[in-house]
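For reference, the structure discussed in these notes is given below.
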Amino acid sequence: MLITIGAALLGLILFWGRVSPALFWCGEIALTAAGVLMARCAHSHGGMLAMDVCANRSRFLYWNAGGKLLFVLMMLFFSIGADSAAVGLTIFVIMAVLALAGGVRLHEYLSSLSLPLGFLLLGSLTVAFQLLEAPAGNFHLPVFGMYLTVTQQNRWDAVLVLCKAMGAVGCLLFLSLSTPMGELIAVFRKIKVPAVVVELMYLIYRYIFILLDAAFAMQQAAESRLGYRTMKTGFRTYGRIAANLLAVSFKRASENFDAMESRCYDGEIRFLTRKKPVTMAQIGCYLGCAGLAAGIFLLERMGGF
């Protein structure tokens, strides 16, 4: 729903007053259809996040985790620091291609992208709209004696923020879909991140799965008892699930902690990791992707496009 609304409003601010009515409505329909398609791609693997499954079967699983983390951070900072919509989109496309080349299915990638993209679309819209005392720009809507307007500069700012954020999200998605959490924790330990931070990071990550699994089981139980047969019943069922979810998740978390203590948990979780050296192929891939993004940046600065 967030994606559909965000895509429709984004088309409104981008195309209103700039193209013919026919092209405007074609663009609106196309963006709304894309939003509906993205929303329908959301799915789960029995209560687990799709990215956790993808990371353990990715072709990049055998690449050095520290090298991947360094590469992702470099591209992420470049996407934000370059202050360029073209660079942000280029980095997003590069990271999406790498994730798909690693074995992630398209619908799984779209499912992982759907939630952050919905918030990015709605967040960029807050940049596009401006409340003024007088009408301005190509689009203005009277609101309580003021005017909700979209100027040309507002449009550009919204597109720039959206593209930069998409580049950053693409970087993080590639890392999440190709590197299991255990390997990232091993990297954090090597670079001397405080032990308490590492432990909390992993426990919170695992308890997210516990929360999702409890919600998934309660939703299935409600569906089997026709808890969503009407809108009124659906709202009542949703309220009851939300009320019980916290108590159920606390109970499940307590049971998991008891299981950890029975296996001699002493405050530190250790993972068995393999040595994965950095090869020339990995370095070449990283440099090639960074070089492509840098080339787009230089072309834009020189007025190439």
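Let me know the charge dipole size of segment 212-305 about its Cα centre in debye, to the nearest 20, where only the beta-carbon of Lys, Arg (+1) and Asp, Glu (-1) is charged.
With only Lys, Arg, Asp and Glu charged at Cβ, the dipole is about 340 debye.
Work from the charge dipole of segment 61-180 (Cβ charges, +1 for Lys and Arg, -1 for Asp and Glu, about the Cα centre) and give the residue of Q152, L175, I91 farthest towards its positive end.
Most positive-ward Cα: L175.
Compute the distance in nm between two label points, each set 7 Å from the Cα along the Cα-to-Cβ direction, one at I80 and one at F119.
Simple spin-label model gives 1.4 nm for this pair.
Measuring from label point to label point, each 7 Å out along Cα→Cβ, what is the D258 to Q152 span in nm?
Distance between label points: 6.8 nm.
I208: accessible area at probe 1.4 Å, nearest 10 Å²?
The accessible area of I208 comes to roughly 80 Å².
What is the spin-label model distance, in nm, from L245 to T279 if the labels are put 7 Å beyond Cα along the C-beta direction?
4.3
How large is the accessible surface of C285 in square angstrom, using a 1.4 angstrom probe and rounding to the nearest 10?
Counting only protein heavy atoms, C285 exposes about 40 Å² to solvent.
Just by accessible area at a 1.4 angstrom probe, what is the order of F174, F188 from largest to smallest?
Highest to lowest solvent-accessible surface, that is F188, F174.
Would you mind calculating the gained length between Y205 and M302 on full extension (0.36 nm times residue separation, minus the Cα-Cα distance), in nm to one decimal?
This chain segment gains 30.5 nm when fully extended.
So which GluC sites (Glu not before Pro) in segment 207-302 end up in coil per DSSP with only 10 or fewer other C-beta atoms within 10 Å?
Hits after loop and neighbour filter: E268.
What full-extension length gain, to one decimal in nm, is calculated for V197 and Y62 as 0.36 nm per residue of separation minus the Cα-Cα distance?
Values: separation 135, 0.36 × 135 = 48.60 nm, distance 2.57 nm.
46.0 nm is the gain from fully extending V197 to Y62.
Note the full-extension length gain between R236 and A101 as 0.36 nm times their separation in residues minus their Cα-Cα distance, in nm to one decimal. Before the final figure, lay out the partial values.
Values: separation 135, 0.36 × 135 = 48.60 nm, distance 4.35 nm.
Length gained, R236 through A101: 44.2 nm.
Give me the distance between the Cα centres of segment 225-287 and segment 146-187, rounded to whole Å.
24
Need the list of lysines near K276 for cross-linking: C-alpha distance under 23 angstrom, and skip anything on the same chain fewer than eight residues off.
K68, K190, K192
Evaluate the relative contact order of segment 158-305 (contact order divided by residue number), counting alpha-carbon pairs under 8 angstrom at least 6 apart; express in whole percent.
Reported as a whole number, the value is 24 percent.
List the aspartates and glutamates whose Cα lies under 14 Å from the Cα of K164, skipping any in the same chain that are fewer than 8 positions away.
By straight Cα distance, K164 reaches D83.
What order do D52, D258 take when sorted by accessible area (1.4 Å probe), most exposed first?
Listed by decreasing accessible area, they come as D258, D52.
Shape verdict for segment 151-210, please, from the Cα gyration tensor: rounded (a/c under 1.5), prolate (a/b greater than b/c) or oblate. Walk me through the intermediate numbers first.
Details: a/c = 2.82, a/b = 2.63, b/c = 1.07.
It is prolate, given that a/c is not under 1.5 and a/b is the larger ratio.
The values are calculated or read from the model by the stated rules, or taken from the named source; none is laboratory data. Worth saying up front: this structure is predicted, and the values here are computed from it rather than measured. Neighbour counts are summed over all protein chains in view; Cβ atoms, including those assigned to glycine, are modelled from backbone coordinates with ideal geometry. Surface accessibility is based on the protein's heavy atoms, side chains included, excluding ligands, DNA and RNA. Shrake-Rupley method; radii C 1.70, N 1.55, O 1.52, S 1.80 Å.
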